[in-house]
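The values are calculated or read from the model by the stated rules, or taken from the named source; none is laboratory data. Being a predicted model, the structure only gives us computed values, none of them experimental. Here Cβ is always computed from backbone atoms with ideal geometry, including for glycine, and neighbour counts include all displayed protein chains.
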Amino acid sequence: MHGRVMTAELLDHLAPDDPRAMRSRRDLVMINALMGQSAIMASMLADFPAPKLVADLGGGDGRFMLGVAKRLAKRWPGVTVMIADRQPIVSPHTIVGFAQLGWRCETLTGDVFATLPRIQPDIIAANLFLHHLDDAALARLLALAAERARGFVACEPRRSAFALLGARLVGVLGANQVTRHDAVASVRAGFRGSDLSALWPSSKSWSLQERGILPFSHGFSAHAV
């Protein structure tokens, strides 16, 4: 596939309580599971020393990061997770789920460029979020992340013909029209090769890793050295 193609995703423009949005968020839980996103994210995060604060950019309702926490809680006790999103949709049930693991869940609502400068996390995580941004906005965000944290991990859609085929088949799984549209848009705006490394601020004080991860994901991590 050629370069990134940006198309507005429908879910981004629906009210949180719109039935189509609620159904699409349920679809995303299923898609995350099929892509193995929580296992991939947990594996990449496990390379870092135990943090005190992890910020999850575009974390939505928090259920994805709760799945990651279940994999890391024994290795990382007492972590605070900051779910940063434009919409305040983390449920009390999800917050209790973190508490049962010995973790604390907080929320931060607003545009990422307004909210991220207000916190100083040890690690910043992003799952299926960076592809929403064009390269100029991404470069700006990654520069801000490098200023605010000592670790950054992203698990994004891989831009490939195989991933595009998978995206076109989500309707077979019962996904609604919003998810069917957004899945294809996500892959077209996804990443491959060293797309994200090329946008990370140039510095010898960071160790970068970037690779495709089967079946449909693209991983990127930055470690301060």
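Miscellaneous remarks
- Residue check, G67 assigned to a helix (DSSP H, G or I) and either within 30 Å of V172 (Cβ to Cβ) or under 15 Å from the mean Cα position of the chain (by Cα) (or both): yes
- Entry remark, the stretch 29-58: residues being at pLDDT below 90 and surrounded by 19 or more Cβ atoms within 10 Å (Cβ to Cβ) number 3 in total.
- Taking the criterion of being of a type in the set (A, V, I, L, M, F, W, C), in a loop (DSSP other than H, G, I, E, B) and closer than 27 Å to A55 by Cα, the only residue of the stretch 147-183 that qualifies is A149.
- Checklist (1) over 18 Å from M6 (Cα atoms); (2) of a type in the set (A, V, I, L, M, F, W, C); (3) assigned to a helix (DSSP H, G or I) applied to A125, failing item: (3)
- Flag for R63 being of a type in the set (D, E, K, R) and free of Cβ contacts under 8 Å to residues at least 40 places away in the same chain: yes
- Residue match in the stretch 103-116 (condition: out of contact with any helix residue (DSSP H, G or I) (no Cβ under 9 Å at 6 or more places or on another chain) and assigned to a helix (DSSP H, G or I)): yes
- Condition check for S186: assigned to a helix (DSSP H, G or I), within 18 Å of A136 (Cα to Cα), among the small types (G, A, S) and in contact (Cβ under 8 Å) with a residue 60 or more places away in the chain: yes
- The number of residues in the stretch 1-22 that are in contact (Cβ under 8 Å) with a residue 40 or more places away in the chain and surrounded by fewer than 16 Cβ atoms within 10 Å (Cβ to Cβ) comes to 8.
- Residues (out of contact with any helix residue (DSSP H, G or I) (no Cβ under 6 Å at 6 or more places or on another chain) and assigned to a strand (DSSP E or B)) located in the stretch 78-98: T80, M82, I83, D85
- If you go through the stretch 78-90 and keep only what is surrounded by fewer than 24 Cβ atoms within 10 Å (Cβ to Cβ) and either in contact with a Leu (Cβ under 9 Å, 6 or more places away or on another chain) or among the β-branched types (V, I, T) (or both), you end up with V79, T80, M82, D85, I89, V90.
- All of S197, S186 fail the test of being in contact with a Pro (Cβ under 9 Å, 6 or more places away or on another chain), hydroxyl-bearing (S, T, Y) and at pLDDT 95 or above, apart from S186.
- Only one of R4, R75, R25 that is among the basic types (K, R) and assigned to a helix (DSSP H, G or I): R25
- Selection of the stretch 189-202 for residues being assigned to a loop (DSSP other than H, G, I, E, B) and in contact with a helix residue (DSSP H, G or I) (Cβ under 9 Å, 6 or more places away or on another chain) yields A189, G190, W200, P201.
- For the stretch 44-57, filtering for residues that are closer than 15 Å to P121 by Cα, part of a loop (DSSP other than H, G, I, E, B) and either of a type in the set (V, I, T) or touching a His at 6+ places or on another chain (Cβ under 8 Å) (or both) leaves 1.
- Filtered residues of the stretch 156-178 (kept if closer than 18 Å to G36 by Cβ and in contact with a Leu (Cβ under 7 Å, 6 or more places away or on another chain)): E156, P157
- Hits in the stretch 166-220 (condition: more than 28 Å from S24 (Cβ to Cβ), surrounded by 13 or more Cβ atoms within 10 Å (Cβ to Cβ) and hydroxyl-bearing (S, T, Y)): S194, S197
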